[in-house]
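Trainee: Please read through the structure below; I'll follow up with questions.
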Amino acid sequence: MADPSTYRPAPGAIPTSPGVYRFRDEHGRVIYVGKAKSLRPRLSSYFQDLANLHPRTATMVTTAASVEWTVVGTEVEALQLEYSWIKEFDPRFNVKYRDDKSYPELAVTLNEEFPRVQVMRGAHRKGVRYFGPYGHAWAIRETVDLLLRVFPVRTCSNGVFKRAQQVGRPCLLGYIGKCAAPCVGRVSAADHRDLAEEFCDFMAGRTGNHLRRLEQQMQEAAAELEYEKAARLRDDIEALKRAMEKNAVVLADGTDADLLALAEDELEAAVQIFHVRGGRVRGQRGWVTDKVEDVDTAALVEHALQQLYGGDTAPVPREVLVPALPDPVAPAQEWLTGLRGAQVDLRVPQRGDKKDLMETVARNAQQALALHKTRRASDLTTRSRALQEIADALELDSVPLRIECFDISHLQGEDVVASMVVFEDGLARKSEYRRFQIKGFSGQDDVRSMHEVISRRFRRYLQEREQTGEWAVPEAEGEEDGPRTDDGRPRRFAYPPQLLVVDGGQPQVAAARRALDELGIDDVALCGLAKRLEEVWLPDQDDPVVLPRSSEGLYLLQRVRDEAHRFAITYQRGKRAKRLTAGGLDAVPGLGETRRTALLKHFGSVKKLRAATVEEICEVPGIGRRTAETVVAALASRTPTAFAVNTATGEIMDDDAVHQGTQNTESGEPK
């Protein structure tokens, strides 16, 4: 535990301007990011008597080892910079919203010649019309299925569409009347685009015109005794009405608004958001956060607004309704206005339909928090018990909050690789995963490979510790340079584990222990998990530690080991596939991907390219005489290699098949 007075800035050194500040721990890791209208009073408040601080704030300042700040021009700039740094550094003491998955949206790709209706997630693309987000993808598909009777817009993938064009036969939806089948020319591109735009108009809330038009057509068909047509139109009208019922009107004035509500207790808070477009609830989403910092409702609202709109994942509507306004409100409102490009009204609803709807959102937030607590109680208890069982079985001084596991993977001594996976608090932290290529030797030797990987990982750890001046590092001949950045970004190997797990038995554990001893590291616990009997091996012990089969600790170690194995074998298979698909042009110096593609497109195959003269190769755009001579020399000197086999189909591939497969893989098209 650090004494805050040891790193307190000198009196008068802190400016009074707006800015953003960062607290770092002893490893240089950013643990908290905050902003202030005036930096001096805000930072000074952290260095008062610990008894006067909130318990979470006291924990933060005693964990920190330094503080720094950046001055900005306005409070809006401070808000933007704070959000950027929280996303970049992931500080442990800042509010973190969990379950912030990418919610599905209904998208119409108006940027294509034949627009397609589909479910999309992630960042918005230019030229695509979006509706939502929705809580579940099936809700989108139900709505689309109802609307395709009236607006038979294409929903198939590009591959299916191209295939239908080639064979001249539409897919099943084309036969049952739920697609206009532009792939076979039943409608023109212009008519199909009109259908897509009508679909968008209906989804945007302009439903009256379509219903009146269909009702008029139904009456005309009945008057002309075309009863079958009239019946179809009647069914279409019913389908549209059912789709409209799924999005009932909640605000009669056709408002576009986002309503944000909170439910919180001393430890956690749940956020619920309703997206209202055209007066109808078009989507819903929610988050849960640990209140690791001392924040009130207004600060939680500000964090939620940053999370919702800061990543360009949700468009900003004209109104944003919240339970409490950020303090001060002007910077947040100005920031939202800048994102939207027009005025945004950020306010608390006081009366009427909007207040009633806000109460509904708040009830959803209360239910979400209660459900989360029910789920987490069991999960947190299980993980805590598993970590405690591991600590007891291995006789550790404390529970291993950070566990790293290493595994070696190869295929008969070829493409030897290793993986490092990280579990923190019993959960996988995939951003910390690392992959290694075995460089010190060739061939199959798992023990030697394990020694090399552990040495490289902890040598990098010592090098990064050296940059902070915490201790000297032994010279490491031929080892890679240290980290490229020194500004608090998450480093690749900066944080040691409390427990190091290797996949294997006594030999692998001994190799890892030898690597740690050579580097002088004696404060990292080590064990190995053998697959045969799931035995836990410790260094310098002849007998393994046998955990009960029903032990949560053993189950956690198995999960860590299996994840390391999965990560290693995925990397090894990728390297093997890349090696098998490498062709003659890949080794030509100075020949990049663009010119390789141009050569293959011009000649059709490596075989024909090998038979071409320098003059013929020079005819390819972008290929000069010197490059052409290099290509001819490289292909002439290359002896035919052993045949390559497609591991998925068993097919034997020659050079042409290899390069064709490489091209198809890069273009994303099936072979």
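The values are calculated or read from the model by the stated rules, or taken from the named source; none is laboratory data. Keep in mind the model is a prediction, meaning the values are calculated, not measured. Methodologically, a virtual Cβ is constructed for each residue, glycine included, from the backbone with ideal geometry; neighbour enumeration extends over all protein chains shown. When the accessible area is computed, the model is the full protein with side chains, heavy atoms only, and any ligands, DNA or RNA have been set aside. Shrake-Rupley method; radii C 1.70, N 1.55, O 1.52, S 1.80 Å.
Trainee: Figure the gain on full extension for ASP191 and ALA428 (residue separation times 0.36 nm, minus the Cα-Cα span) and round it to one decimal in nm.
Mentor: 80.3 nm
Trainee: Turning to a different aspect of this structure: Quick check: residue separation of GLU26 and ALA611 times 0.36 nm, minus the Cα distance between them. What number comes out in nm?
Mentor: 204.2 nm
Trainee: Okay, next question. For an R0 of 25 angstrom, estimate the FRET efficiency from the Cβ-Cβ distance between GLU226 and ARG141 and round to the nearest 0.05.
Mentor: 0.20
Trainee: Given a Förster distance of 60 angstrom, what is the FRET efficiency for GLU593 paired with GLN217, based on the Cβ-Cβ distance and rounded to 0.05?
Mentor: Efficiency computed from Cβ-Cβ geometry: 0.65.
Trainee: Would you tally the net charge around GLY504, using a Cβ to Cβ cut-off of less than 10 Å, leaving GLY504 out, and scoring K and R as +1, D and E as -1?
Mentor: Neighbour charge sum, excluding GLY504 itself: -1.
Trainee: In addition: Would you mind putting 347-358, 598-609 in packing order, based on average other-beta-carbon counts within 10 Å, highest first?
Mentor: Packing order, densest peptide first, comes out as 598-609, 347-358.
Trainee: May I have the extent of the alpha carbons of the range 325-438 along their three principal axes, as whole Å values ordered from largest to smallest?
Mentor: Result, largest extent first: 70, 36, 27 Å.
Trainee: Here's something else I'd like to know. Taking the Cα-to-Cβ direction at ARG56 and at ARG169 and moving 7 Å from each Cα, how far apart do the two end points lie in nm?
Mentor: Going from the ARG56 label point to the ARG169 one covers 6.2 nm.
Trainee: When ligands, DNA and RNA are left out and all protein chains stay put, how many square angstrom of accessible area per residue does the range 312-460 have with a 1.4 Å probe?
Mentor: I get 50 Å² per residue for this part.
Trainee: Of LYS162/LYS575; LYS575/LYS601; LYS35/LYS354; LYS439/LYS531; LYS291/LYS373, which sit over 22 Å apart, Cα to Cα?
Mentor: LYS162/LYS575; LYS575/LYS601; LYS35/LYS354; LYS439/LYS531
Trainee: What does the extension gain come out to for GLN343 and GLN388, with contour length at 0.36 nm per residue minus their alpha carbon separation?
Mentor: Contour length minus the Cα-Cα distance gives 10.8 nm.
Trainee: Also: Determine the distance separating the Cα centre of the range 389-445 from the Cα centre of the range 152-199; give it in Å without decimals.
Mentor: 50
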